[in-house]
Amino acid sequence: MDINNERKISVIIPVYNKAAFIEDCVNGILGQDFDNFEIVAVDDGSTDESGAVCDRLAAADQRMRVLHTENGGVTAARRRGVEHARGRYIMFVDADDTLMPHAMRTLYDCIEREQADEVIGTFCTQHGDRSPVVYTGFAEAEPLIRAIISNKNRFCVLWGIIFQREILDGCLDTPREIIEGEDKMMQVKVLMKRPKVFFCKDCVYMYNIGLPNDRRQTVERLQLYDQLLFEVLHRWSGEEGERLEEAFSLHQVKEYEYLLRTGNLSNASRYKQAMHPMKGRLPLYEKMIYMLPPRMARCLAKVFKYVVFKLYHNV
């Protein structure tokens, strides 16, 4: 990093075939009420006009730079952006989302005031729905990891966050084969360092929910993800390590449940056969999903999802 050109914040945007969205994303960042930041957009080998749009936007505003790379996947694009960043702090924004108007100022003031390693805000969708305020103030790393890997997190795991640059070292190395959950993997690796994590209740990120994507998950990718996650979690031992093993079991059951619910019984059976032995006590519903024959478990999963959906929308 060139100290003479250091910025307070670097905003990293991985870009792959997002020509229809990237201009709104960038404009939302350039319009912040904060004066010392840069945008590092990483065009990850896009085959549409994304790269050209980024170049045009960068030519019009010196706070933005563009890196063009061969396609290496979203984690590699984020890593490349961090490597070329000049900021003391790092934020990540997806190319089809953007920041809320006061996001940068809010998160910067908070991380400076609290001397935290990362500050996590809340988000809203394009429809105006807001994420819940799950935590406020400082939070311990281990329960956050358990929430993330067991798919029970209701807080931001990558975007909507400001990071001390140094805390990201070694955390952006997930292989490109991992196309789902790479953001969770990165955050787990950060939390394994036992950082000072502070939650603020301000809404800082606008998430465009429901946009189509062409990512296709496979059993092989799920198994690779589980292998990598299992290795990361085993850095912790003792009672905390046992709780993380239990959360890992719940993570696998949730992945199995998703395969069942989407009707992929063959892949669900293959995935289940390779699952690690269950650790700890599973909640009753998840235990039933795991123990029942696949077709019965699928019926239970679909009924449960329907009931939860009706209850949520009748509140």
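The values are calculated or read from the model by the stated rules, or taken from the named source; none is laboratory data. Since the structure is predicted, the reported quantities are computational estimates derived from the model, not experimental observations. Heads up, the Cβs are rebuilt from the backbone with ideal geometry, glycines too, and the neighbour counts pull from every protein chain shown. What goes into the accessible areas is simple: the full protein's heavy atoms, side chains included, and nothing from ligands, DNA or RNA. Shrake-Rupley method; radii C 1.70, N 1.55, O 1.52, S 1.80 Å.
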Expected field for E180, accessible surface area in Å² at 1.4 Å probe radius, rounded to 10, holds 70 Å²
For the chain, the percent of accessible surface on carbon and sulfur atoms (probe 1.4 angstrom, ligands and nucleic acids excluded) is 50 percent
From DSSP H assignment alone, runs of 4+ in the chain each adding -39500 (n - 2.57), the sum over residues rounded to the nearest 500 puts [θ] at 222 nm at -14000 deg cm²/dmol
Hull volume per residue for the stretch 1-114, using the convex hull of the C-alpha atoms, in Å³ is 96 Å³
Whole-Hz Karplus couplings 3J(HN,Hα) for the stretch 154-165, θ = phi - 60° and coefficients 6.51, -1.76, 1.60, Gly and Pro as x, run 10, 9, 5, 10, 9, 7, x, 9, 10, 10, 4, 3
Between the residues H276, I111, V303, the Cα farthest towards the positive end of the dipole of the chain, that dipole coming from +1 and -1 charges on the beta-carbon of Lys, Arg, Asp and Glu, is from V303
Packing-ranked peptide list from 61-72, 124-135, 15-26, highest mean Cβ count within 10 angstrom first, is 15-26, 61-72, 124-135
Taking a label point 7 Å from the Cα of D61 along Cα-to-Cβ, the residues of the stretch 4-36 whose backbone nitrogen sits under 14 Å from it are 10-13, 22-36
Quick tally, 1.4 Å probe accessible area for L284, L168, L224, sorted with the most first, runs L284, L224, L168
Ranked by GNM mean-square fluctuation in the chain (Cα springs under 10 Å), the top entry among E177, E118, E240 is E240
Rounded to the nearest 10, the angle in degrees between the Cα long axis of helix 219-233 and the longest principal axis of the Cα atoms of the chain comes to 80 degrees
SASA check, M296, accessible area w/ 1.4 Å probe, all protein chains in place, rounded to nearest 10 Å², comes out at 110 Å²
Note to self: with every protein chain in place and a 1.4 Å probe, the stretch 144-287 gives an accessible area per residue in Å² of 48 Å²
Within the stretch 32-50, the residues whose backbone N lies under 14 Å from a label point placed 7 Å from the Cα of D24 along the Cα-to-Cβ direction are none
Taking a crude spin-label model, label points 7 Å out from Cα along the C-beta direction, the F230 to K152 distance in nm is 2.2 nm
In the structure shown, of K254/K302; K152/K254; K152/K302; K18/K305; K18/K152, the pairs separated by more than 21 angstrom at the C-alpha atoms are K18/K305; K18/K152
Non-local residues with an amide H under 5 Å from the amide H of F199, with H modelled 1.01 Å from N and Pro and chain starts lacking one, are I120, G137, F138, A139
At the level of C-alpha centres, the distance separating the stretch 58-90 and the stretch 219-268, in angstrom, is 31 Å
